[in-house]
Amino acid sequence: MRFLTYFLLCALSLVMVSCKVNYSFTGVQTLAGIETFQVNYFQNNAALVEPGLDRDFTLALQDLIINQTSLNLVNSGGDLVYEGEITEYRISPTTATSDNRAAQNRLTISVNVRFYDRIHPEEDLEQRFSFFYDYPAAAQLIGSQKDTAFAEIFERLTQDIFNATLAKW
């Protein structure tokens with residue numbers, strides 16, 4: 001009986017070690033052979049251009065992947081490649097007061113992402129991601145209000161991109 005238990009544990013260990021797909025504690029699926037990633041500059045092609053938005057978004061995506069994986073960031077030749085463009089930057093009223101004035105505005109940012117997995121091309125993806133931030137109509141979208149809006153939108157956009165490309169959620 002002891003021999004059979006030992007044999008089953010060894011067999012199970014070999015099966016687990018030989019699997020091609022591994023999962024980490026963050027839920028990230030890491031495929032064999034992938035060690036590097038690159039995030040190409042996301043051009044701002046929105047009708048309304050906010051200066052620095054493209055740079056800030058590119059850095060936010062890089063930071064999230066660095067913090068949630070063990071992959072190394074490279075400038076070119078990455079095993080995983082993220083590229084795309086900011087397609088929408090829009091401010092619109094969302095709710096009205098009794099005298100037909102905006103009570104709240106919504107900042108919406110949309111990004112088109114192309115993801116290439118050079119090791120496993122069947123994982124390639126092109127998808128649009130969008131998120132918004134609501135703020136009082138009386139407030140100007142400058143200074144700390146703008147920083148807060150960008151932080152919330154970038155956090156959601158980058159996490160959604162991460163989940164779609166690496167976590168497979």
Legend entry - Failed condition for Gln145, given (1) over 19 Å from Asn40 (Cα atoms); (2) outside any strand (DSSP E or B); (3) modelled with pLDDT of 95 or more: (3)
Inset, instruction - Enumerate the pairs (first residue in the range 104-129 and within 17 Å of Ala164 (Cβ to Cβ); second residue anywhere and loosely packed, with under 15 Cβ neighbours inside 10 Å and of a type in the set (A, V, I, L, M, F, W, C)) with beta-carbon separation below 7 Å, excluding pairs fewer than 6 apart on the same chain, so at least 6 apart or on different chains. - result: Phe115/Leu125
Legend entry - Where a residue in the range 141-161 is closer than 19 Å to Val49 by Cβ and its partner, wherever it lies, is in a helix (DSSP H, G or I) and small (Gly, Ala, Ser), with Cβ under 6 Å and at least six apart: Phe154/Ala60
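Going by the structure shown, is Tyr133 of a type outside the set (A, V, I, L, M, F, W, C), touching a helix residue (DSSP H, G or I) at 6+ places or on another chain (Cβ under 8 Å) and either loosely packed, with under 15 Cβ neighbours inside 10 Å or on the phi < 0 side of the Ramachandran plot (or both)?
On the way: of a type outside the set (A, V, I, L, M, F, W, C): yes; touching a helix residue (DSSP H, G or I) at 6+ places or on another chain (Cβ under 8 Å): yes; either loosely packed, with under 15 Cβ neighbours inside 10 Å or on the phi < 0 side of the Ramachandran plot (or both): yes.
Answer is yes for this residue.
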Inset, instruction - Can you give me the number of residues within the range 100-128 that are touching a Lys or Arg at 6+ places or on another chain (Cβ under 9 Å) and closer than 14 Å to Arg90 by Cα? - result: 6
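Filter the strands (runs of 3 or more DSSP E) completely within the range 30-120 down to those with at least 3 residues that are aliphatic (A, V, I, L, M), surrounded by 13 or more Cβ atoms within 10 Å (Cβ to Cβ) and at pLDDT 95 or above.
Values: elements: 36-39, 80-96, 102-117.
The qualifying strands (runs of 3 or more DSSP E) are 80-96, 102-117.
The values are calculated or read from the model by the stated rules, or taken from the named source; none is laboratory data. Please read all numbers here as calculations on a predicted model, not as lab measurements. Methodologically, a virtual Cβ is constructed for each residue, glycine included, from the backbone with ideal geometry; neighbour enumeration extends over all protein chains shown.
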